[in-house]
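Engineer: Here it is: the structure, laid out below.
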Amino acid sequence: MIKLIATDLDGTVLGPDFKFRDRTLDALRAARAAGVEIVYVTGRPHRWLDPVREQLEYDSVAICSNGAVVYDVAREEVVQAETVPTDVILDLHSELRRFLPHAHYSTETLEGVVSEPGWPQTNLLETGKRTIGDLPDLLSEKSRIIKFLVRDDSMDPRALYDVVRETAEDKVSVTHAVANMPLAEIGQPGLSKGRTLSRWCAAEGIGPEEVLAFGDMPNDTTMLQWAGHGYAMASGWPDVIQAVGRTCPGFEEDGVAQVIEELLERD
C-alpha cells in the first residue's frame, strides 16, 4: 500500500511557467483525499516554494535544496538543515576558479543568498535577500551554507557538471538539477534527496515499499532508486532513466497524473 508520494517539482509536476497542469493537480488532490501524504522533494531553496502554496492546498513538509533543508510549508519554518562549513566552500571556490576561469559562483545560506558580481539571473522568481560581492569577504564561519552553485554559460551543462564533480566530489556532494542550464549544485558530503527522504520516512514509520516517487534529473536519482516505486520521467535525462529502470510518460503527457490515477483505481 502506498502511504506517501514524493515528487520533484520542475520538469516533473511544474512546467516552465511554474504551473501545475490541471490533470496533475486533480490527481494530487485525489491522492491526498485518499489519505496519501505528498512530499515535494526539490532542488529549489525553500524561499522558492510560493508556486506550490499558491496552486495547491498543502500542509506537509517539503525537502528542499537537494535534501539540505526540511521545510514545514504551512508554518513556513525550517525544521532541519544540513550545512557545509564555510572553509570547505571557500577552499573549493579557490580551486574551481583555476579550472573554470569564466564561471560565476553563488551560495544559498539560511540567512539569504550571497553571489559574486555577474551572477546570472535564473528563470525562477527571485525572492529573499541577495547580497552581491566577493565570497571570501562576505562569508564567515557563522554562515549557514546549504548550497554552493557554480555556473558557466560558456560550457555545455554536462561538461560543467563533470568538471565540478571530478574536482570536488571527494569533499562535497555534486549534482545537476536544471535541464539545459550549465549549473552545478554542491552540498554537504553524502547529501542527496534520497538520503533525506529516507531518514524522514523512517522517522514517520514509512518504508521504501510504501513510497511512490517521481523525478527527471540527476539530483532525483537516489530518491527514485530508494523508493519502492520510483519513476523517472520519460522526458528526463537519459542517464536517470537508465539508472532507475522504470519510467512514466513525460511532463507534457501528465505522466505523474497517469501513474497516480492508476494507483487510485487499483486501491
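The values are calculated or read from the model by the stated rules, or taken from the named source; none is laboratory data. Keep in mind the model is a prediction, meaning the values are calculated, not measured. Positions of Cβ are backbone-derived with ideal geometry, glycine not excepted, and every protein chain shown enters the neighbour counts. Heads up: the accessible areas ignore ligands, DNA and RNA and are worked out on the full protein's heavy atoms, side chains in. Shrake-Rupley method; radii C 1.70, N 1.55, O 1.52, S 1.80 Å.
Condition check ((1) surrounded by fewer than 13 Cβ atoms within 10 Å (Cβ to Cβ); (2) in contact (Cβ under 8 Å) with a residue 12 or more places away in the chain; (3) of a type in the set (Asp, Glu)) across all residues:
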position: ARG44; (1), (2), (3): no, yes, no
position: TRP48; (1), (2), (3): no, yes, no
position: PRO51; (1), (2), (3): no, yes, no
position: ALA74; (1), (2), (3): yes, yes, no
position: GLU108; (1), (2), (3): no, yes, yes
position: PRO117; (1), (2), (3): yes, yes, no
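Engineer: Related question: Pairs, please: C-beta under 8 Å, at least 6 apart or cross-chain, first residue open to solvent by 30 Å² or more (accessible area, probe 1.4 Å) and in region 144-157, second not in a loop (DSSP other than H, G, I, E, B)?
Structural biologist: ARG144/ALA81; ARG144/THR109; MET155/VAL163
Engineer: Now for a separate question. Specify which of the listed residues (ARG53, ARG75, ARG32, ARG44) is at pLDDT 85 or above and more than 22 Å from SER198 (Cα to Cα).
Structural biologist: Being at pLDDT 85 or above and more than 22 Å from SER198 (Cα to Cα) holds for just one of ARG53, ARG75, ARG32, ARG44, which is ARG75.
Table: residues versus (1) open to solvent by less than 30 Å² (accessible area, probe 1.4 Å); (2) not in a helix (DSSP H, G or I).
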position: MET181; (1), (2): yes, yes
position: GLY194; (1), (2): yes, no
position: TRP200; (1), (2): no, no
position: GLU209; (1), (2): no, no
position: LEU212; (1), (2): yes, yes
position: VAL240; (1), (2): yes, no
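Engineer: Select from region 160-179 the residues that are open to solvent by 10 Å² or more (accessible area, probe 1.4 Å) and either over 17 Å from PRO120 (Cβ atoms) or touching a helix residue (DSSP H, G or I) at 6+ places or on another chain (Cβ under 6 Å) (or both) and list them in ascending order.
Structural biologist: Step one: list which residues in region 160-179 are open to solvent by 10 Å² or more (accessible area, probe 1.4 Å), which gives 161-163, 165-167, 169-171, 173-175, 177-179.
Matches in region 160-179: ASP162, VAL163, ARG165, GLU166, THR167, GLU169, ASP170, LYS171, SER173, VAL174, THR175, ALA177.
Engineer: Next question, about the same structure. Could you tell me how many of the residues in region 1-38 are open to solvent by 10 Å² or more (accessible area, probe 1.4 Å), over 21 Å from GLY67 (Cα atoms) and not hydrophobic (A, V, I, L, M, F, W, C)?
Structural biologist: Result for region 1-38: 10.
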